[in-house]
Amino acid sequence: AQSVAQPEDQVNVAEGNPLTVKCTYSVSGNPYLFWYVQYPNRGLQFLLKYITGDNLVKGSYGFEAEFNKSQTSFHLKKPSALVSDSALYFCAVRDTSINFGNEKLTFGTGTRLTIIP
Amino acid sequence: DVKVTQSSRYLVKRTGEKVFLECVQDMDHENMFWYRQDPGLGLRLIYFSYDVKMKEKGDIPEGYSVSREKKERFSLILESASTNQTSMYLCASSGARGQDYEQYFGPGTRLTVT
């Protein structure tokens, strides 16, 4: 079974400081990993994904994430936080070893990021 | 751009009513999904469909059914709504295997059952 853990419900960062939102995963085979962002009263918006290749993935709005296979982690990062980055962030995983129904994503419980002016 | 639309942003229904939530995507995606989102629980998969008239149970299918008669449309049905089905419902779609990997989400329907 595939699973995702986001260990922090809430992360507060001062504007201009670097930010990190943590995610760890568990799958049987190789993972596809995703980050989504949700603004208030909106659906989820895709940020970035890791499928294969470089462990450092760059996405929208200056975000990036690093895939670490040995630590089974995929932390979301940004060098300099903006107040507009305040939102709910979800990590998701898909297990590529599953042949049927492998389009399913398993989501974490979400991390609320607040950027303090 | 991919567009996923949901029939209502806000819905209020009474206990015992039959409720239909509609989702339409315009990118010819094969896969469609219904999730519910609750605080502290993240997104939980209710049902998904990988082809017309095909459906598979997700993690929490009890109390729900789905219908996919056309490729672009995926409906979620609450046969007899209950207060514990008050939630945000999100629809998503994704392309065929080997193509798009990410799921594209609609804006959500906030359902309140009284």
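The values are calculated or read from the model by the stated rules, or taken from the named source; none is laboratory data. As the structure is a computational prediction, the values presented were derived from the model and not from experiment. Heads up, the Cβs are rebuilt from the backbone with ideal geometry, glycines too, and the neighbour counts pull from every protein chain shown. To get the accessible areas, we keep the full protein, side chains included, count just its heavy atoms, and leave off ligands, DNA and RNA. Shrake-Rupley method; radii C 1.70, N 1.55, O 1.52, S 1.80 Å.
Data overview
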quantity	calculated
Residues located in segment A:45-91, provided they are in contact with a Gly (Cβ under 7 Å, 6 or more places away or on another chain) and under 23 Å from B:Arg44 (Cα atoms)	A:Leu47, A:Leu48, A:Leu88, A:Tyr89, A:Phe90, A:Cys91
Condition check for B:Glu62: open to solvent by 50 Å² or more (accessible area, probe 1.4 Å) and touching a Phe, Trp or Tyr at 6+ places or on another chain (Cβ under 6 Å)	no
Residues (in contact with an Asp or Glu (Cβ under 6 Å, 6 or more places away or on another chain), more than 10 Å from chain A (Cβ to nearest Cβ) and open to solvent by 20 Å² or more (accessible area, probe 1.4 Å)) located in segment B:21-50	B:Val24
One residue from A:Gly29, A:Gly43, A:Gly53 being in contact with a strand residue (DSSP E or B) (Cβ under 7 Å, 6 or more places away or on another chain) and open to solvent by 20 Å² or more (accessible area, probe 1.4 Å)	A:Gly29
Hey, B:Met32 aliphatic (A, V, I, L, M) and in contact (Cβ under 8 Å) with a residue 24 or more places away in the chain or not	yes
Among (1) of a type in the set (Gly, Ala, Ser); (2) within 14 Å of chain A (Cβ to nearest Cβ); (3) surrounded by 16 or more Cβ atoms within 10 Å (Cβ to Cβ), the one test that B:Ser67 misses	(2)
Every residue from segment A:1-32 that is within 13 Å of another protein chain (Cβ to nearest Cβ), within 12 Å of the chain's Cα centre (by Cα) and of a type in the set (A, V, I, L, M, F, W, C)	A:Val4, A:Ala5, A:Cys23
Enumeration of residues in segment B:75-110 that are at pLDDT 90 or above, open to solvent by 50 Å² or more (accessible area, probe 1.4 Å) and either within 14 Å of another protein chain (Cβ to nearest Cβ) or in contact with a helix residue (DSSP H, G or I) (Cβ under 7 Å, 6 or more places away or on another chain) (or both)	B:Tyr104, B:Arg110
Subset of segment A:60-86 [of a type in the set (Gly, Ala, Ser), out of contact with any Pro (no Cβ under 9 Å at 6 or more places or on another chain) and open to solvent by 30 Å² or more (accessible area, probe 1.4 Å)]	A:Ser60, A:Ser70, A:Ser84, A:Ser86
Of residues in segment A:91-107 being more than 9 Å from chain B (Cβ to nearest Cβ) and open to solvent by 40 Å² or more (accessible area, probe 1.4 Å), the one modelled with the lowest pLDDT	A:Asn99
